[in-house]
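Below is one structure, written out as C-alpha cells; the observations come after it.
The values are calculated or read from the model by the stated rules, or taken from the named source; none is laboratory data. The shown structure was predicted, so the numbers you read here are calculated from the model rather than taken from an experiment. Quick reminder, even Gly has a Cβ in these numbers, built from the backbone with ideal geometry, and neighbours come from all protein chains shown.
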Amino acid sequence: MTDKIMSVEIPNDVTWGKRLADFWFYFKVNRGAVIGLCFFIALILVAIFAPLIAPHSPIQQFRDAMKVPPFWEAGGSTKFLLGTDAVGRDILSRLIYGSRYSLFIGVVVVTLSMGTGVTIGLVAGFFGGTVDTLIMRVMDIILAFPSLILALVLVAVLGPGLTNAMIAIALVLQPHFARLTRAAVMAEKNREYVIAAKLAGASKLRLMFKTILPNCTGPLIVQATLSFSNAILDAAALGFLGQGAQPPTPEWGTMLAEAREFITSAWWMVTFPGLAILLTVLAINLMGDGLRDALDPKLKRS
C-alpha cells in the first residue's frame, strides 16, 4: 500500500511549468507591468555592456567642451549626445555607468533587508508571545520615523559613502519584510500541512524555513520589487544630499547634486539624471503591480 502511495505522480496542474505559464498569463494582462519589465531588462543589458555602449569614460574630462548642450541644441555636438557637465564629462556615459550603481544598490539593499527581515519575521510569527511582542515593538519604532530621515541619520552616524548608505537603507526597509513575513507565518503555522510535519518530527528550523516559508514567498516577491525601487530612490536622495556615493562616482543622485547650481544655465545636467531615476523607479513599480496581480490569487481575473 505504501509503495502505491509513494508511486503516485504529481498532477500536471501543480508542476512548475504550469505555475510559470499561469504566472505569465496573469502578468502580461497588465500592459504597464510588461512595459516596466522590458525597460528593466533593457536597463540590465545597458549596465552589463556599459563599457561597450558608453562613448566615453564616465570620469574623462574634456576641458575644451565644458557645459556643452545636447546635440539638437545650438552649440551641441554629436560627440556628446546629451551634452557635458561643468567639468567636461560626457553625461550620456555617466548615465550609462550610473545604471550599474543603481542596480547594484537595489540588489544589495534588497538582499540585506529581505534576508534579515524574513528571518526576524519568521522567528516572531512562529514563536509568538514575548518574542513576537519585543521584535514587533522594535520594528514599530523604526517604522515610526520617515524612512529617508532615518537613513540620513544613520549615514550621518556611520559616515558618508555608498556602502554606509546601502546599510542604512537596508535597515530602514527591513521592518516591511519582517511584518509581512510575520503575518504570513501566523496565517500558515496552524494549517494542516504544518501540523502534519510537526507530528512527523520535523524540527523547528525545518518547519520555519522548509515548510512554512516557501508558502509565504508571493507577497515577499512583490515587496522585494517595491523595495528595489525604494532603495534606488533613497540612495539617489542620499547622494543628492552628499551622504551617499561621493564624486566623481557616476551615481544618478550624485550627478544631481553636482548639477543643482547649474539648473538655470545648463538644464540638461539636471534633467537627464532626474529622468533616469524617474523612469527606473516607475518601471520597477509597474513590475511590482504586475507581480502582485499574478501572485495574489484574490486579484486574478476569471
Inset, instruction - Scan the range 92-117 residue by residue and report those that are free of Cβ contacts under 8 Å to residues at least 12 places away in the same chain and small (Gly, Ala, Ser). - result: 115
Inset, instruction - Only one of these is over 26 Å from the mean Cα position of the chain (by Cα), more than 19 Å from residue 237 (Cβ to Cβ) and either exposed (fewer than 13 other Cβ atoms within 10 Å of the Cβ) or without any contact (Cβ under 8 Å) to a residue 24 or more places away in the chain (or both): 196, 144. Name it. - result: 196
Legend entry - Subset of the range 156-177 [surrounded by fewer than 18 Cβ atoms within 10 Å (Cβ to Cβ), in contact (Cβ under 8 Å) with a residue 60 or more places away in the chain and within 22 Å of residue 248 (Cβ to Cβ)]: 160, 161
Inset, instruction - Scan the range 72-92 for residues that are part of a loop (DSSP other than H, G, I, E, B) and either surrounded by fewer than 16 Cβ atoms within 10 Å (Cβ to Cβ) or of a type outside the set (Gly, Ala, Ser) (or both) and report the count. - result: 12
Legend entry - Residue in the range 80-91 that is modelled with pLDDT under 95 and farther than 22 Å from residue 260 by Cα present: no
Legend entry - Failed criterion for residue 245 (all others in (1) among the aliphatic types (A, V, I, L, M); (2) assigned to a loop (DSSP other than H, G, I, E, B); (3) touching a strand residue (DSSP E or B) at 6+ places or on another chain (Cβ under 9 Å) hold): (3)
Inset, instruction - State which residue is modelled with the highest pLDDT when the search covers only the range 25-54 and only residues that are aromatic (Phe, Trp, Tyr) and over 14 Å from residue 276 (Cβ atoms). - result: 49
Legend entry - Hey, residue 260 under 21 Å from residue 149 (Cβ atoms) and either of a type in the set (Lys, Arg) or touching a Lys or Arg at 6+ places or on another chain (Cβ under 7 Å) (or both) or not: yes
Inset, instruction - Select from the range 23-62 the residues that are closer than 22 Å to residue 281 by Cβ, assigned to a helix (DSSP H, G or I) and over 23 Å from the mean Cα position of the chain (by Cα) and list them in ascending order. - result: 53
Inset, instruction - Identify, from the list 123, 109, the residue that is surrounded by 23 or more Cβ atoms within 10 Å (Cβ to Cβ) and on the phi < 0 side of the Ramachandran plot. - result: 109
Legend entry - Residue satisfying condition, being in contact (Cβ under 8 Å) with a residue 12 or more places away in the chain, surrounded by fewer than 22 Cβ atoms within 10 Å (Cβ to Cβ) and either in contact with a Leu (Cβ under 7 Å, 6 or more places away or on another chain) or not charged (D, E, K, R) (or both), within set 230, 190, 215: 215
Legend entry - Only one of 121, 115 that is modelled with pLDDT of 90 or more and within 18 Å of the chain's Cα centre (by Cα): 115
Legend entry - Residues satisfying the stated conditions in the range 60-71, i.e. closer than 11 Å to residue 90 by Cβ and either surrounded by 15 or more Cβ atoms within 10 Å (Cβ to Cβ) or of a type in the set (Lys, Arg) (or both): 61, 62, 65, 68
Inset, instruction - Tell me which of these residue 249 doesn't satisfy, since it passes every other one: (1) polar (S, T, N, Q); (2) modelled with pLDDT under 90; (3) crowded, with 21+ Cβ neighbours inside 10 Å. - result: (3)
